[in-house]
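Engineer: Got a structure here, written out as structure tokens. Questions coming.
The values are calculated or read from the model by the stated rules, or taken from the named source; none is laboratory data. For clarity, every value in this text was computed on a predicted model and none was experimentally measured. Methodologically, a virtual Cβ is constructed for each residue, glycine included, from the backbone with ideal geometry; neighbour enumeration extends over all protein chains shown. Just so you know, the surface numbers come from the protein's heavy atoms only, side chains and all, with ligands and any DNA or RNA stripped out. Shrake-Rupley method; radii C 1.70, N 1.55, O 1.52, S 1.80 Å.
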Amino acid sequence: QVQLVESGGGLVQPGGSLGLSCAASGGVFSPATLGWYRQSPGKEREWVTSTGPYGRTMYADSVKGRFTIYRDNAKNTVSLQMNSLRPEDTDVYYCCYRRHAHYWGRGTQVAVYS
């Protein structure tokens, strides 16, 4: 059973930066697709970014150029660096591991307020 634990997040002013990290255990890491999603209350979970087993990265248009995903296969971690944050980036962010099935972390809150 894959377990994911997110860390980071918090409160930041618009234009600021935050970093999120996700540590994985219980699964084979390097061949998995790893990603970040976000969700607001009452809304569907939204895909933000992902990185495949060969390092290919993809980003939602809303975060392209501002967010960067990193994976460290030696440490079984995936990180998300978020720059130029906007109030609309306020959400709970979830780490996702996909290999044969989807596994999710419990989420970490990001709040962007003046």
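Engineer: Based on DSSP loop calls and a cut-off of at most 16 other Cβ atoms within 10 Å, the longest stretch of the chain free of exposed trypsin sites (Lys or Arg not before Pro) is what?
Structural biologist: Between exposed loop sites, the widest span is 1-42.
Engineer: Can you work out the Karplus-derived ³J(HN,Hα) for every residue in region 109-114? Use 6.51 cos²θ - 1.76 cosθ + 1.60 with θ = phi - 60°, whole Hz, and x for glycine or proline.
Structural biologist: For region 109-114, the Karplus curve yields 7, 10, 10, 10, 9, 6 Hz.
Engineer: At 0.36 nm per residue, minus the direct Cα-Cα distance, what do Ala101 and Tyr54 gain on full extension? Give it in nm, one decimal, please.
Structural biologist: The span from Ala101 to Tyr54 would gain 15.1 nm if fully extended.
Engineer: Apply the Karplus curve 6.51 cos²θ - 1.76 cosθ + 1.60, θ = phi - 60°, to the phi angles in region 6-20 and return the couplings in whole Hz, x for Gly and Pro.
Structural biologist: 8, 9, x, x, x, 10, 8, 7, x, x, x, 10, 9, x, 10
Engineer: Spin-label point model (7 Å from Cα, Cβ direction): what's the Lys64 to Val28 distance in nm?
Structural biologist: Here the modelled spin labels are 3.3 nm apart.
Engineer: On to the next question. Can you give the extra length, in nm with one decimal, that the chain gains between Ala111 and Gln13 once fully stretched, where that is 0.36 nm per residue apart less the Cα-Cα distance?
Structural biologist: 34.4 nm
Engineer: Under a 1.4 Å probe, what is the accessible area of the chain per residue, stated in Å²?
Structural biologist: Spelled out: the 1.4 Å probe surface of the chain, per residue, equals 55 Å².
Engineer: Indicate the gyration tensor shape class of region 38-88 (rounded, prolate or oblate), computed on the Cα atoms with a ≥ b ≥ c the square roots of the eigenvalues: a/c under 1.5 is rounded; otherwise a/b larger than b/c is prolate and the rest oblate.
Structural biologist: prolate
Engineer: Sticking with this one: Using DSSP to call loops (not H, G, I, E or B), can you name the chymotrypsin sites (Phe, Trp or Tyr not before Pro) in region 27-92 whose Cβ has at most 10 other Cβ atoms within 10 angstrom?
Structural biologist: Counting only loop positions with at most 10 other Cβ atoms within 10 Å, the chymotrypsin sites (Phe, Trp or Tyr not before Pro) in region 27-92 are Tyr54.
Engineer: Please list the non-local residues whose amide H lies under 5 Å from the amide H of Val28, H modeled 1.01 Å from N, same-chain partners needing a gap of 5 or more.
Structural biologist: none
Engineer: Now a separate question. How high is the relative contact order of the chain, in percent, counting Cα pairs under 8 Å that sit 6 or more residues apart?
Structural biologist: Rounded, it is 37 percent for the chain.
Engineer: Please work out the Cα center distance from region 74-114 to region 13-47, rounded to the nearest Å.
Structural biologist: Region 74-114 and region 13-47 have Cα centres separated by 3 Å.
Engineer: Tell me, what % of the accessible area of region 9-69 is carbon and sulfur with a 1.4 angstrom probe?
Structural biologist: Ligands and nucleic acids excluded, carbon and sulfur reach 52 percent.
Engineer: Okay, next question. Which ³J(HN,Hα) values in Hz, rounded to whole numbers, follow from the phi angles of region 87-98 under the Karplus curve 6.51 cos²θ - 1.76 cosθ + 1.60, where θ = phi - 60° and Gly and Pro get x?
Structural biologist: Working through the residues one at a time gives x, 6, 7, 5, 5, 8, 9, 10, 7, 10, 10, 10 Hz.
Engineer: How much length is gained on full extension from Glu44 to Thr90, taking 0.36 nm per residue of separation minus their Cα-Cα distance?
Structural biologist: 15.1 nm
Engineer: Follow-up question, since we're still on this one. Compute the signed sum of charges (Lys and Arg +1, Asp and Glu -1) over the other residues within less than 12 Å, Cβ to Cβ, of Thr49.
Structural biologist: That sum, taken over residues with Cβ under 12 Å, equals +3.
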